[in-house]
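Below you'll find the structure, written out as C-alpha cells, and then a few comments.
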Amino acid sequence: MIGDRVVPGPVTARVRRAEAGGVAAEFAVTLPAVLLILVLAFGALHAQTQRVLLQDASADAARLVARGDDPARAAAVVRTAVAGAELDVDLTGDLVCATASAGVDLWPGITVDLRTRSCALGDGE
C-alpha cells in the first residue's frame, strides 16, 4: 500500500478473479424478478385503463337508455369502448342502471373480471 492507493499484487488479483462472475450472477438472478414486476405493473395499468373506459361506457349506456334509445344501441356503445364487454340494463321506477362487464387479460392465462355500474334518471314510463 502506497499512501491511500492499493498497489495491485498477487493477493488482490486472486480476489478480483474470484469475484469476476459475481456481478453477472447477481444480474442473472435479479433480472427475471425485475421483468416480472414490470410486466405485472403494465398489466395492472392496462386493467385500470380498461376499467375507466368501461365505467365511461356504462354511464353513456345508462344515459342512452334513460332518454329512450334502444338498449341494443347502448350495448353496442359498450362493446365499442371495450372489446368483449357485455351490458345488462335494469329499469327500476325512474332509475335506469347499466352494468357493464368485461374480462381483461393481465398476462396470457391471467384474466381479471371487471364490472361497473352506472345509473341515470329516466322519464318513468
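The values are calculated or read from the model by the stated rules, or taken from the named source; none is laboratory data. All values derive from a computational prediction rather than experimental measurement. Note that we place each Cβ from the backbone using ideal geometry, even for glycine, and neighbour counts take in every protein chain shown.
Annotations for the structure displayed:
- Yes/no for Gly84 being surrounded by fewer than 19 Cβ atoms within 10 Å (Cβ to Cβ), in contact with a Gly (Cβ under 9 Å, 6 or more places away or on another chain) and not in a strand (DSSP E or B): yes
- Here Asp60 passes the criteria (1) within 19 Å of the chain's Cα centre (by Cα); (2) at pLDDT 90 or above except the one numbered (1).
- Against the conditions (1) assigned to a helix (DSSP H, G or I); (2) of a type outside the set (S, T, N, Q); (3) free of Cβ contacts under 8 Å to residues at least 60 places away in the same chain; (4) surrounded by 11 or more Cβ atoms within 10 Å (Cβ to Cβ), Leu35 satisfies every one except (4).
- Criterion (of a type in the set (Val, Ile, Thr) and in contact with a Lys or Arg (Cβ under 6 Å, 6 or more places away or on another chain)) met by exactly one of Thr80, Thr49, Thr99: Thr99
- Against the list (1) modelled with pLDDT of 90 or more; (2) on the phi > 0 side of the Ramachandran plot, the condition Val65 fails is (2).
- Every pair of residues 6+ apart whose Cβ atoms lie under 8 Å, when the first sits in segment 44-57 and is at negative phi while the second is part of a helix (DSSP H, G or I) and of a type outside the set (Asp, Glu): Leu53/Ala81; Leu54/Val78; Leu54/Ala81; Asp56/Ala81; Ala57/Val77; Ala57/Val78; Ala57/Thr80; Ala57/Ala81
- Single condition Ala74 does not satisfy, out of (1) out of contact with any strand residue (DSSP E or B) (no Cβ under 7 Å at 6 or more places or on another chain); (2) part of a helix (DSSP H, G or I); (3) among the aliphatic types (A, V, I, L, M): (1)
- Residue check: Gly93 meets all listed conditions (1) in contact (Cβ under 8 Å) with a residue 40 or more places away in the chain; (2) small (Gly, Ala, Ser); (3) farther than 14 Å from Leu53 by Cβ but one, namely (1).
- Positions within segment 87-125 being acidic (Asp, Glu), more than 30 Å from Leu36 (Cβ to Cβ) and not in a loop (DSSP other than H, G, I, E, B), in sequence order: Asp88, Asp90
- Per-region count, segment 87-125, residues more than 21 Å from Arg63 (Cα to Cα) and either of a type in the set (Ser, Thr, Tyr) or surrounded by 13 or more Cβ atoms within 10 Å (Cβ to Cβ) (or both): 6
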